[in-house]
Structures are given as C-alpha cells and as structure tokens.
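Any read-out appearing in this document is the output of simple, stated calculations on the displayed coordinates, not a laboratory observation. Just so you know, these numbers come straight off a predicted model, no measurement behind them. Virtual Cβ from ideal backbone geometry, glycine too; neighbours counted across all protein chains shown.
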Amino acid sequence: MRIIDCQDVRALEAALEDLPPGALLRGQTREYFREDGGPDLRTSMDRHGCQPQRMLKWWHYARAILSAYVKGFDGRTDLAVDQAILQHYGWRSFFLDATSEAAVACWFASHAFQTEPSVELVEDCWEDPVFIRRSRADYCPAYGQGCLYAISRKSLRAHDIGAIDLVEIATEEGRHRCAAQSAFMVGPLKDNLPDDCVVTIIRAPNTVFGTIAAQSDLTTECLFPGPRIDPVMAALMSIPWTKLDIDDGGVDIDAFDRGLPLPEYEIRALRRLPPSAALYRRFWLADGVRPGTRFGDTTFYLTRETLFHGTAPGAMQFPRLTALVREKISVAVEIDGLIRHPYGPRGSRYCKGIYLEALQDGAILLTELGVEHPGARPAGFGIMRGAYFVSDHNGAWSLIDHPDQCRCGHLLHHAHHLIVAEHFEHALAEVAPIHVRDRVYRLPDVNPVSDPQALQWMELEDDDPGMLGD
C-alpha cells in the first residue's frame, strides 16, 4: 500500500485527485495499528462484541423499517442492508463503514464523535412527571493527525468481500443518513480487513481534512438528518420507552430510557410528551381480564420480549402449540414489552404478543394481541384480524382462506406472527411453563408481577376481533 503524508490543503487535494477511480474511502480522526504494525480495520461487532438480545431487537426493527419505507423491499434477508440500519444509527454490525465521496471521508477524518447522557424531567400526555434519559451525541472538530483509507473494490472482490452501495435503501420520502453520507458497507468481515485491500493511506492533520470537508458545506446536520427529514430516525424514535430499574433514593418519579440505545444529534428540549410516546412499565394484560368477557376464558402465557424478535426456520411444525390450543381453545402469548410497527398507524397502538384460537370449524386463528397505550398508561386491548390455518395429525400447519381473515395485504406482518409462534413452540419443547394462577402461566426468568403504578391505571376494556382495526 502507498502512504502519503500531507501537511497542507494543496497536498491533500493532489493526493485525493491521484486516488484510483472507484476506490471506497474511510476517514478516521486517528489511526489504529495491530501488534504487527499493520492497519487495524475491524468491525464494531469485532471490537465491542455481540449482545444477542439487544442485537435481535435492533435487527427486528431494522427489518420492519425497511419494510415500511424502502422501495421494493421484498422481505428477503440481505445482511448488508439490514445491518446498515444498525451501523448508521448507533449499533454494531459485521461491516465497515465507507463512502464514495472524498469530502465525506474527510469530514469523518476531521470530526470526533462524542456522547453524553441527558436526563430531563418532563410530563407524559397525562401530565404525570417522569424522567427521561437520552444520549446526546455530536461530532466536534478534532486536533491531531487523521487518516483516510482508500479501499480497492477489485481487491475486495478477490477476497470475496462485498462492497454494497446503500443507495439501494431508497425511501419513498425524506432522506436517511445512509444516502446523506453516500455510504457503502464493506464486508461482512470475520477479522481485520486484508491489508492488500487498502491501496492508499493518506495522513494529514485533522484540520486539513476539515478544510476539504468545509468546501462542500458538510455539517453534522447535513450528514445526520433529524427525524423531521429522516423517516428511519423518526421510526426508531417512536419505539416505546422502558422503565429503568434504578435506586430512586426515595424519589417517587419513575425514569425511562429509550427502548433501543440511540445517539441523538438533534435533541430538543421537551416539556410534554405526546400520547404516541409510550412509557412502558411492566404490566400484564392477564391482570386486566374480567370474567364474562371475550378473554375471560383465555389462557395467558407470559414471556420475555425477546420471544418476539429474531427469525426462525419456518418449518410450520407446531405439534405442542396445536395440542395446547386444542386443549385451551384460546391462548395469548403475551410479551413483557410493547412493539411499535413502523408501518402501522402513528397513534398509541402497540403489539403485546400473539393470540391463537381453535375454531369450531377446525381452523386455528393466529393473530396479534394489541394494546392501546397512550403515554404511560395502558388503556385497552383486543385482537386484530389475522390468518387461519389447519393442522394435520402431526401438527404441520397450512394456510387457508377464511371469511374472517385479514386482508391488509401486509404479508411480512402476518409471517412474523408465525415466527413468534415458532419461538413459543421451541420454548414449550425446552421447559414446561410455570403455573402462576388460574389460566396464567409464565416461562422461566419472567417476572409475572405487574408494576404497581401500571396496575393502578389499568382500566382495560377487551372486545371482539377487529376492535383495534385490520
């Protein structure tokens, strides 16, 4: 690889002009080296490790956001496109960031990332006080020696390493940060990027790189559009907040954190949160069921939120779940959390799990357990219209047409209900659910007790299918 030292803007401009056509560029405020002296170019997942539960939740929302906003997204797994959402919005991936624009690479070689927690006292939509914790992020000018790597696409192909142009994440409206940064994803990588993929390293003072970036009027706001412009950021910010389990020191005001860690570059002072901002304290719909209502005879199985995330083989084999539904007639698999569908209405409606019911005609209904949750208070729940299946004697399911089936046309939404059902099927195979009380069971490591504050506000009304819409 060639190494070029530049001490002024003219030398840097000449070095950039001399780069191979089509090279991908990566700017850093400083260089990192391996023990053997070579460039240390590893992914964020390699450097910081994996947190499986958090990763699955990020992955779930990345897929849902792609489904909602990206033109022509067909639901097929594309690791690079999925992880572009993770990598560019604050989480880890198996890819390296790069760009096709020299000015963008120079900006990242001249600006250092920094973040700090921000705790604010605000009101929810009911005018109840709560603390919220956010991550205030910014890029500030760096003062030292930066570097820019030029990566050869030909060498990447020789190593069977992908270079994915994220222009394919084309949203119907707005402008997301992958497009703003002319971003590429290099990988996936299991280890360091091979040295021969880097054809040139340009070294220069951070301020010199910054001068080149300034010529293109690049700013943090330009490269990291806020939620009013970026629909992906807006969708991530709509994920329900979750209560923090902390020692409050006798303070009677609960504190909440974002459902996913999310560095925010455009933090505006808040006084009151809208009804669409859900503040989730643990509560179980099973605690709000009244005798004589639709759900009065439903058996509830309390599970962790992670049951809802991730993927599954899709074998459509449910022998244990089929037997359970035949025995109980109606079953609710309730998660400890709220799920926001980016493609759903922008109100206070959330998913709380799945619901299954054995019908007299032999079919099995599989649908979503939904809840209205404005602000910090659960307000009502019901089920959506769903899909219908028949099961053979081995528990293999087949989709059938049914007069009451949902006709929303969102196939990926209903397909994910099958994934959750498959996760629950595997859970039933691993361990017997623990009996809590009449018609209520829990999986191991699940706290079956609703938060006292949420329980106090739980004035739930259950109703017939379709109460929450199709």
Check: Percent relative contact order of the chain, based on C-alpha pairs within less than 8 angstrom and at least six residues apart?
Finding: 16
Next item on the list: Work out the count of Lys pairs in the chain where the Cα-Cα distance is under 30 Å, with the pair 8 or more places apart or on different chains.
Entry: 9
Next item on the list: Only Lys, Arg, Asp and Glu count, each charged at its Cβ (+1, +1, -1, -1), so figure out the dipole size of the stretch 282-457 about its Cα centre, rounded to 20 debye.
Entry: 500
Item checked: Sorted by Cβ density within 10 Å, fewest first, the residues V325, V390, V436 -> V390, V436, V325
Next item on the list: Could you state, as a whole-number percent, how many of the C-alpha pairs of the stretch 111-159 are farther apart than 17 Å?
Entry: 65
Notebook entry, point to check: Based on the inverse mean of 1/r over its pairs of different Cα atoms, what is the Kirkwood hydrodynamic radius of the stretch 395-450, in Å?
Noted result: 14.2
Notebook entry, point to check: If the convex hull of the alpha-carbon atoms of the stretch 1-53 is projected onto planes in all directions, what is the mean projected area in square nanometres?
Noted result: 5.9
Checklist line | trypsin sites (Lys or Arg not before Pro) within the stretch 332-410: DSSP coil, no more than 14 neighbouring Cβ in 10 Å | finding: R346, R407
Notebook entry, point to check: With labels modelled as points extended 7 Å from the Cα through the Cβ direction, what inter-label distance (nm, one decimal) is found for Y32 paired with A432?
Noted result: 5.0
Next item on the list: Kindly provide the pair-distance distribution of the stretch 282-457 built from C-alpha pairs, with 5 Å bins from 0 and whole-percent values in order of increasing distance.
Entry: 1, 8, 18, 22, 22, 16, 9, 3, 1, 0
Checklist line | Farthest toward positive dipole pole in the chain [+1 Lys/Arg, -1 Asp/Glu at C-beta], among F209, I434, V331 | finding: F209
Checklist line | Values of log10 I(q)/I(0), in the order q = 0.14 Å⁻¹, for the stretch 301-398 under a Debye, Cα-only, solvent-free model | finding: -0.58
Check: Hey, fewest Cβ within 10 Å first, where do M384, M237 land in order?
Finding: M237, M384
Next item on the list: For a footprinting-style exposure proxy, rank H410, H176 by other Cβ within 10 Å, fewest first.
Entry: H410, H176
Next item on the list: Average the reciprocal distances over every distinct pair of alpha-carbons in the chain, invert the result, and give the Kirkwood radius in Å.
Entry: 24.5
Notebook entry, point to check: Any idea what Rg and Dmax come out to for the stretch 24-168 if you just take the C-alpha atoms, in Å?
Noted result: 18.5, 60
Check: Given charges of +1 on the Cβ of Lys and Arg and -1 on the Cβ of Asp and Glu, with all other atoms neutral, how large is the dipole of the chain about its Cα centre, in debye to the nearest 20?
Finding: 300
Check: Once the principal axes of the Cα atoms of the stretch 211-360 are found, what is the range along each, listed largest first in whole angstroms?
Finding: 71, 47, 27
Notebook entry, point to check: In percent, what relative contact order does the stretch 5-127 have, based on Cα pairs under 8 Å that are 6 or more apart in sequence?
Noted result: 36
Checklist line | Relative contact order %, the stretch 282-457, counting alpha carbon pairs below 8 Å whose residues are six or more apart | finding: 27
